[in-house]
Each structure stands twice: as C-alpha cells, then as structure tokens.
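Notes follow once the structure below has been shown.
The values are calculated or read from the model by the stated rules, or taken from the named source; none is laboratory data. What you are looking at is a predicted structure, and each value in this text was computed from that prediction instead of being measured. As a convention, Cβ positions derive from the backbone with ideal geometry for all residues, glycine included, and neighbour counts pool all protein chains shown.
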Amino acid sequence: MTLSPLKWWQSGIIYQVYPRSFQDSGHDGVGDLKGVTSRLGYLESLGVTAVWLSPIFTSPMKDFGYDVADYKNIDPLFGSLDDFDELVREAHGRGLKVMLDFVPNHSSDEHEWFKEARSSRDNPKRDWYMWRDPAADGGLPNNWKSFFGGDAWTFDAHTGQYYLHQFVSGQPELNWANPEVRREMADTLRFWMRRGVDGFRVDVFWLLAKDPDYRDEPRNPEWRPGQPEHNSLLHVYTQDLPVTHGYVAEMRSALDEFEDRMMVGEIYLPIDRLLTYAGTPEAPECHMPFNFHLILTPWNAADVRNLVDEYDAAVTASGSWPNWVLGNHDQHRFATRVGRPQYRVAQTLLLTLRGTPTVYYGDEIGMEDGSIPPERVVDPAALGQPDVAAAGRDPERTPMQWDATPHAGFTHVGAEPWLPVAENFTAVNVAAQEADPGSDLNYFRALTKLRQGSAALTAGSYRSLDTGTGTPMQQGATALTGGSFQNVRPGTGVFGFVREAGEERVLVLLNFGAEDAVLNLPELEGAQLLLSSHAGASSGVLRGNEAQLWRVG
C-alpha cells in the first residue's frame, strides 16, 4: 500500500531518550552517548522514526543540562563531539533521524557570555542578558516568580544589579530582544544541522519574550496557599507575548536553509493559543507546537473524546499538523497516571490518533514512576518545594530497565546509578518482555508495525463515533449507522473513532472502564480484527480495559 507523501516527522514516531538514564557505557552511573549508540538496534526494532536526545551540551548540571555553558560542544559526562558524530552516523545508517534538545531561553551562569556580561555594566555582552536596577526601596525590580520556587531575580553585587532567571539562579535569561542573541541562536542551529541533526525540540518556546517595561504581574485570584508559588501570578508579562512569534519565525528561517529539517516547540497553552505557534502556510513558524493536553485531561472516554475532537478540528482549520504526547521527562509516567489496567488503552490511543506521537523512553515496556527516597532527590524543581519527596521530576527519570541483573542492566554492577532503579525492574524489563509474545513491548511493536503499514493510521482523517455513553455527540463527529454500545457506565465509557484514507478504514475502540461493553455495530460484520490488547478478542464484546483495532468497510 502506498502511503501519502508526508514528511518523516508527520508519518513517523518520535522517541525521547533521556541520556542520563538510558544506558551507561562508562561505568560511572550516568548514561552517555556511546550507551545510546549501543542501543540503536533496539530503537530500530521499536518501529520509531526519530530519536530525540534531552540536553547533552556542556553544562554544570544545575538543572541537568538545561543550563547550557557551551551550545556547540558536548558535556564530557556524555562523551565528545566525535561520540556524537558516531551516533548520528549509526542512527542514519539504520534509517533513524536524530533530534536535539535546544535551550534558547536561558544559558548557564558559567557560560562565557554570562561571565563577560556580569564583569561590568559596559561589557558588550551585558545586553545579552536581562538586568535591572533595584527598586527604589532597594528591593527586587518586580514581583516575577521562578518556576522552581522563590523570586525570579538574583542580585549581582559586583555590578549592583539584579539578573532575571525563571528557573534556578544558575540559568540567567537571555535577552531575545537583542538581535545579536537571535543571530547566535540561529547560528547554533546551523552548527548542529551541519553535523547531521534532523530536528530540534525547543525548550520553553512560549517564554522567550518578556515585557520590556518589566511590569508587575497581576495576582492570580484562584491561587491558594500550598500551591506552587509560581502559580500565584497571572503571567501576562513573561509568557506568550506577541513578539515571540517573530523570534520563532527567525528560527524557522534558519531551519529552512537546510533540507527536510524540523522543530517541535515546548508550549503549555490552551489549544487556540498553542496552534498560533505553527504560523500559517504563508508565514510558517514551528512545525509542531507540542500538544500536552492529553497528559492534562481527566482519563475517561468523554473528556478524552472531547479533547481529541476539539484539537483535531482546530488543527484542521489552521492547516497545521497534529501531535500527541502521553509522557516526558517533566510528567509522571502514564502507566502510573492512568493505572496498569488502562496502560494498553492509553498506548493504543497515542499510536492511533491522527498526528505524530512522541514516546518517552521506557513507556514501551510499561515503566512506572520510581520511588525516590528524600535523600536521593536531585531535581531542583523538587528541592525548592516544602515536600521534596512528593514534588519534582525524578520519579519519571529513573534508569531504563533493560534486564533483571543489578541496576537493571543500565550500568556496571559496581557503579551507583545517578537515580535509584525502580523497584519493579526484575519483572518489568526489556529482556523479559522480548521473550514473551504477549508482553507490553511486543504489543507496542505490533501497534507501530500496523501504523507503519496503514495509510489510514499515518495519513488518514479522523472522526469520532457516538458510542452511546451518554456524552453529547460533538459537532463534526460521525456515528456508525445503527451502531451502539451497551452496558457502559458513564464516567468511564468507550471511545471509538475511525481513521480513513481512500478505501481503507480502521476502527479504533477503547474501553476506559473495567466493565465489558456489548457492541452492536453492523459495520463489524465481516470486519477484520487487526489487533487487540487482550487475547481472544471477539466482535461482540469490548472487554473491560480493552483496546481493539478493526479494518472495516
């Protein structure tokens, strides 16, 4: 079957590798580039298209690589430029694309640029960062807050001014209003593309611009004590400013100098504001503004369907390309969030919706959040909170579970992993699942194989079905004639949708509840079952927590 002529980033699957946690080849307890290279055969076997590497640039690691001290070099912790070049060659030899995590909003305070900037007020690099005099009373310049807790300003005694940082104090904000900064960032993108990089995930895209008058942000009337301090303000002067779109367009222009490159932007915004970052066909911006809404939506058929209907309609109207995410290095693992019984339902949804899915390492085997003792917490986002054990992102960053040997095969038996391995690694690991035809890993591979071979699943249209759950049918949704689902309890429910391309129609049925649903769908007569998350599937019943794919019509 001939698939539609989509770009690789449209038809493919992006797989995020958190290098610190993927594979340690140096026996120091931290994953590295050679470790990733050694596992490319495994990644190829998953049926993914691109490997996205979380930050590997030179860094003091105050925020684990998101504080960059040299944008054009590799941190020795991960290897060298030669190691990176080898990874790119090996990946391309296997037909895999390589994406880097690009962090343009802020650098490290150990970057040479910032060292120059803080040396004196008249240094040429001074305006590369964001400095303000103390307030009239000698206090902070304004009320802006850090995402990681506390104020967003640090006083520099040498020059008598404050510098801005929306994360840890070791991450001073670059001044994107300065054209020299923008030219340097564009040149950084070119540097990596010349080395063969195929695309970029761009960090905190929507934060690049700030109010030039540095006005106080208004209080959030819905904030309550005990919630993150950053949420106490409405961020109208530090997020999603209109001028940001011009900055994104400049980055897009740099990418368009090279053939078939792309970027996906980290943006946490409502759908209508999110999609503006794709630009227009006449004035393109980001190839794919990351859609995180599936992570944040209550896990039931009605809410998920409403989200998918709304997003797909908005993307279609804007002429952009959809994408979906269930997990990443900043969010708890989806097997933990939705629960083990719903794990395959969620996996099926991610890999069958219209658009590009992004998969987080280990999700293909059902990794869950690890348990991090308070003394082992290292995430700065947690260390700034009252309850460090409950806060932060360490639980979703634990080492990849390769086998049942000590440290799960992630590092040498004599090394200490930088984070503790999740306790269930002896049961949940790649080696065990490779040997089990019914494992989560092999279910994932079956899904990706189906997706790769189906024009409907890669390029086809989407339309939701009226499943009889008591949820009002959304505008634009289509019911299968005469079809219904019975014995479905409201609040859980069945979500069904059709992907269609030409003569091919694939019906996806997802039971979000634990109770069986009796199907009365005439279209299933003579239909071909493509895949079920449960053994022994039938065309009459969608069992509790079951996902089914059918070729119909």
Condition set out of contact with any strand residue (DSSP E or B) (no Cβ under 6 Å at 6 or more places or on another chain) and among the aromatic types (Phe, Trp, Tyr), scope the stretch 72-113, selection surrounded by the most Cβ atoms within 10 Å (Cβ to Cβ): answer is PHE78
Across (1) free of Cβ contacts under 8 Å to residues at least 60 places away in the same chain; (2) within 23 Å of HIS287 (Cβ to Cβ), GLN161 clears everything bar (2)
Among GLY226, GLY196, GLY149, the single one that is at pLDDT below 95, in contact with a His (Cβ under 9 Å, 6 or more places away or on another chain), of a type outside the set (A, V, I, L, M) and on the phi > 0 side of the Ramachandran plot is GLY149
Checked ASP240, ASP309, ASP260 against criteria (buried (at least 16 other Cβ atoms within 10 Å of the Cβ), at pLDDT 95 or above, acidic (Asp, Glu) and on the phi > 0 side of the Ramachandran plot); the one match is ASP240
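Output the residues belonging to the stretch 390-447 that are in a helix (DSSP H, G or I) and among the hydroxyl-bearing types (Ser, Thr, Tyr).
THR426, TYR443
Hey, any hits in the stretch 482-499 for a residue that's assigned to a loop (DSSP other than H, G, I, E, B), over 23 Å from VAL338 (Cβ atoms), modelled with pLDDT under 95 and out of contact with any Ser or Thr (no Cβ under 8 Å at 6 or more places or on another chain)?
Looking through the stretch 482-499, at least one residue is assigned to a loop (DSSP other than H, G, I, E, B), over 23 Å from VAL338 (Cβ atoms), modelled with pLDDT under 95 and out of contact with any Ser or Thr (no Cβ under 8 Å at 6 or more places or on another chain).
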With the first residue restricted to the stretch 43-66 and required to be farther than 17 Å from LEU87 by Cα, and the second required to be assigned to a helix (DSSP H, G or I) and among the aromatic types (Phe, Trp, Tyr), Cβ contacts under 9 Å at 6 or more apart or on different chains are LEU46/PHE444; GLY47/PHE444
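Test ASP203 against the criterion of being in contact with a Lys or Arg (Cβ under 7 Å, 6 or more places away or on another chain) and surrounded by 18 or more Cβ atoms within 10 Å (Cβ to Cβ), and give yes or no.
no
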Open item on the list: Checking the structure you have, find out if any residue of the stretch 432-447 is crowded, with 18+ Cβ neighbours inside 10 Å, over 20 Å from ASN328 (Cβ atoms) and in contact with a Gly (Cβ under 8 Å, 6 or more places away or on another chain).
Closed with: no
Selection from the stretch 503-553 of residues of a type in the set (D, E, K, R) and surrounded by 15 or more Cβ atoms within 10 Å (Cβ to Cβ) yields GLU504, ARG505, ASP516, GLU523, ARG543, GLU546, ARG551
Within the stretch 448-460, restricting to residues that are touching a strand residue (DSSP E or B) at 6+ places or on another chain (Cβ under 6 Å) and more than 17 Å from LEU349 (Cβ to Cβ), the one that is surrounded by the most Cβ atoms within 10 Å (Cβ to Cβ) is ALA455
Of LEU46, LEU40, LEU53, the only residue that is surrounded by 20 or more Cβ atoms within 10 Å (Cβ to Cβ), assigned by TED's automatic domain parsing to the domain that holds LEU87 and within 24 Å of GLY95 (Cα to Cα) is LEU53
Practice task
Could you check, for the stretch 398-413, whether at least one of its residues is closer than 24 Å to SER25 by Cα, of a type in the set (A, V, I, L, M) and at pLDDT below 95?
Solution key: yes
Wholly inside the stretch 1-110, strands (runs of 3 or more DSSP E) that include 1 or more residues that are among the aliphatic types (A, V, I, L, M), within 27 Å of ASN323 (Cα to Cα) and under 23 Å from the mean Cα position of the chain (by Cα) are 14-17, 50-53, 97-102
**Asked** Right, ALA278: over 30 Å from GLY513 (Cβ atoms), surrounded by fewer than 16 Cβ atoms within 10 Å (Cβ to Cβ), among the small types (Gly, Ala, Ser) and free of Cβ contacts under 8 Å to residues at least 60 places away in the same chain or not?
**Response** no
Residue hits (the stretch 232-252; without any contact (Cβ under 8 Å) to a residue 40 or more places away in the chain and either farther than 30 Å from ARG182 by Cβ or among the small types (Gly, Ala, Ser) (or both)) are GLY246, ALA249
